[in-house]
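The values are calculated or read from the model by the stated rules, or taken from the named source; none is laboratory data. Keep in mind it's a predicted model, so treat the numbers as computed, not measured. All Cβ positions, even for glycine, are placed from backbone atoms using ideal geometry, and neighbour counts span all protein chains on display.
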Amino acid sequence: MARAQPVIVWFRDDLRLSDHPALHDAASRGAPVVGLYIRDDESRALMPPAVRPLGGATRWWLAQSLRALRKSCDAIGGTLVLRTGPAASVIATLARDINASAVFWNDIAQAPHRAVGRDVEAALATDGIASQIFAGDLLVDPKVIRNKDNRALRVFTPFWRRVQGLGDPPKPLPAPRKLTSVSGIASEAVDDWDLEPTRPDWAGGLRESWTPGEAAAHDRLKTFLDESISGYAGDRDRPDRDGTSRLSPHLRFGEISPRQVWHAARFAAAEHPRLAGDIDKFLSELGWREFCRHLLFDVPDLADRNLQEQFDAFPWKRNALFLKAWQRGLTGYPIVDAGMRELWRSGVMHNRVRMVVASFLVKHLLIDWRSGEEWFWDTLVDADAGSNPANWQWVAGSGADAAPYFRVFNPILQGEKFDPDGAYVRRWVPELARLPNDIIHQPWTATPIELASAGIELGTTYPAPIVDHKKGRERALAAYTKIRRKE
């Protein structure tokens, strides 16, 4: 009996075996399955708009995630092939070489990714090789949630209400128990892709903070729902507490799917009804990710263009010194500096603090939100093409469902409210650790004796504020009022 022709499964931002529709369908056919991941920098550059190149932190994560995926494939008899080059050419060549019957992949509902997919389909069709695309990136297809003008909804609450009104998404698919592979296929090595920093090796904090991969993602979800979900609605705003799920980078790389998170959370709510409110709040955060992705579906250049056109005339300031001080966590505002240092060390930042540091950059310093978005894109392990620019535009006031222009987060009050004992600041800004709680969020108000007792010399061991809060707020409001008058 002739051996069945193999099926290629093209992995992208779905580095998992469970709830992987393309892999599940390929495995169910009984034919050999070849997993393929492509490092495609050439197609990225050709798409209008282009697929964004990964930042430094996400490159590090990708390397670990690919190693974990290869190990998982090996454990069930499968194989993961790594190749470099334009996706259409690489896939068509491999398909011909192994006499593949078809190539399957999960859709990424973003314009540049779909453009690459169309090139792959065309190249395969030329050789008479079938291709099939599966939904696997979102809870709901973006074409389902539309307004009367057939556009994505621009306000989150009605959007999320519509998504919830559709009921539960399909149940997650199990991982294949066994795969049949094809031997003798050449593969590149992750180590040869230079994804990880070496000189200097700045990823020590990432290694200490994270374990990428599908198994770690599910462990994290289980631990969160078992141990941390109670009180989530309040604790999620406290950077001094371990009150968030820390699932965002796992979702970013598809090590766990949105519907796996959804169903696990719904099961936990059914088992423990008292947790329903916390779980609803947690799922709304999953909904915000969905909202941003649907927005990106309609606005592929979300990271470059103001959604509200009047912001094209906003009087942004160019100040390289202020931008560098913000990036390095040396603004003189402890909650801002703690957040920026947490980001550099661990590749993430607490969500509440993300809003504070973003507001500080665009409103206190009047620096273009795109400068902040670019820095986050390079330093976040969860840098997401939808959430990252959408969140920055939300804070700036230029985006969908944006924060009111007059909301200027007070970094002192934010620190005192959400880090009342200064634990978060003490962890990430250790030079302030010996200050009393009542002044740790505004060290410039300390007396000379208090500063000396804490071993602090303002302007030397810790900077004085680079901008006065009141003056910065007034300047921001004046700039926002000016562009609003032009509407």
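Do the conditions hold for L435, that is, is it assigned to a helix (DSSP H, G or I), modelled with pLDDT of 95 or more and at negative phi?
Working: assigned to a helix (DSSP H, G or I): no; modelled with pLDDT of 95 or more: yes; at negative phi: yes.
When the stated conditions are applied, L435 does not pass them.
Kindly indicate whether R114 is part of a helix (DSSP H, G or I) and out of contact with any Lys or Arg (no Cβ under 9 Å at 6 or more places or on another chain).
Values: part of a helix (DSSP H, G or I): yes; out of contact with any Lys or Arg (no Cβ under 9 Å at 6 or more places or on another chain): yes.
So R114 fits the description; yes.
Out of all the residues in the range 186-241, which are in contact with a helix residue (DSSP H, G or I) (Cβ under 7 Å, 6 or more places away or on another chain), surrounded by fewer than 18 Cβ atoms within 10 Å (Cβ to Cβ) and among the hydroxyl-bearing types (S, T, Y)?
Within the range 186-241, S209, S230 meet the criteria.
Among the listed residues R67, R59, R29, which satisfies the condition of being surrounded by fewer than 18 Cβ atoms within 10 Å (Cβ to Cβ) and either farther than 27 Å from T126 by Cβ or assigned by TED's automatic domain parsing to the domain that holds W344 (or both)? First the steps, then the outcome.
Values: R59 fails: surrounded by fewer than 18 Cβ atoms within 10 Å (Cβ to Cβ); R29 fails: either farther than 27 Å from T126 by Cβ or assigned by TED's automatic domain parsing to the domain that holds W344 (or both).
Of R67, R59, R29, the one residue that is surrounded by fewer than 18 Cβ atoms within 10 Å (Cβ to Cβ) and either farther than 27 Å from T126 by Cβ or assigned by TED's automatic domain parsing to the domain that holds W344 (or both) is R67.
In the set V163, V190, V140, which member is under 25 Å from the mean Cα position of the chain (by Cα), modelled with pLDDT of 95 or more and farther than 18 Å from W262 by Cα?
V190
Looking at A111, A152, A135, A95, which is the one that is crowded, with 17+ Cβ neighbours inside 10 Å and within 23 Å of P170 (Cβ to Cβ)?
Details: A111 fails: within 23 Å of P170 (Cβ to Cβ); A135 fails: crowded, with 17+ Cβ neighbours inside 10 Å; A95 fails: within 23 Å of P170 (Cβ to Cβ).
Of A111, A152, A135, A95, the one residue that is crowded, with 17+ Cβ neighbours inside 10 Å and within 23 Å of P170 (Cβ to Cβ) is A152.
Filter the range 40-55 down to the residues that are surrounded by fewer than 20 Cβ atoms within 10 Å (Cβ to Cβ) and either modelled with pLDDT of 80 or more or not in a helix (DSSP H, G or I) (or both) and list them by number.
Residues of the range 40-55 surrounded by fewer than 20 Cβ atoms within 10 Å (Cβ to Cβ): 41-42, 44-50, 52-54.
Passing the criteria: D41, E42, M47, P48, P49, A50, R52, P53, L54.
Take the conditions modelled with pLDDT of 95 or more, in a loop (DSSP other than H, G, I, E, B), in contact with a strand residue (DSSP E or B) (Cβ under 9 Å, 6 or more places away or on another chain) and under 23 Å from F253 (Cβ atoms) and apply them to P169. Does it pass? Quick ask: steps written out before the conclusion?
Working: modelled with pLDDT of 95 or more: yes; in a loop (DSSP other than H, G, I, E, B): yes; in contact with a strand residue (DSSP E or B) (Cβ under 9 Å, 6 or more places away or on another chain): no; under 23 Å from F253 (Cβ atoms): yes.
No: the conditions fail for P169.
Of F322, F291, which residue is closer than 23 Å to Y232 by Cβ, modelled with pLDDT of 95 or more and either part of a helix (DSSP H, G or I) or touching an Asp or Glu at 6+ places or on another chain (Cβ under 7 Å) (or both)? Before the answer, list the steps.
Values: F322 fails: closer than 23 Å to Y232 by Cβ.
Going through F322, F291 in turn, just one is closer than 23 Å to Y232 by Cβ, modelled with pLDDT of 95 or more and either part of a helix (DSSP H, G or I) or touching an Asp or Glu at 6+ places or on another chain (Cβ under 7 Å) (or both): F291.
Could you grab me the full set of residues in the range 191-220 that are under 19 Å from R252 (Cα atoms), touching a residue at least 40 places away in the same chain (Cβ under 8 Å), part of a helix (DSSP H, G or I) and touching a Leu at 6+ places or on another chain (Cβ under 8 Å)?
Answer for the range 191-220, where residues must be under 19 Å from R252 (Cα atoms), touching a residue at least 40 places away in the same chain (Cβ under 8 Å), part of a helix (DSSP H, G or I) and touching a Leu at 6+ places or on another chain (Cβ under 8 Å): E214, A217.
Among the residues of the range 443-484, which ones are crowded, with 18+ Cβ neighbours inside 10 Å and without any contact (Cβ under 8 Å) to a residue 60 or more places away in the chain?
Those that are crowded, with 18+ Cβ neighbours inside 10 Å and without any contact (Cβ under 8 Å) to a residue 60 or more places away in the chain: A446, L451, A454, I456.
Here's a check for you: in the range 338-369, which residue that is more than 16 Å from the chain's Cα centre (by Cα) and not in a helix (DSSP H, G or I) is nearest to F311 (Cα to Cα)?
Checking each candidate, the answer is D368.
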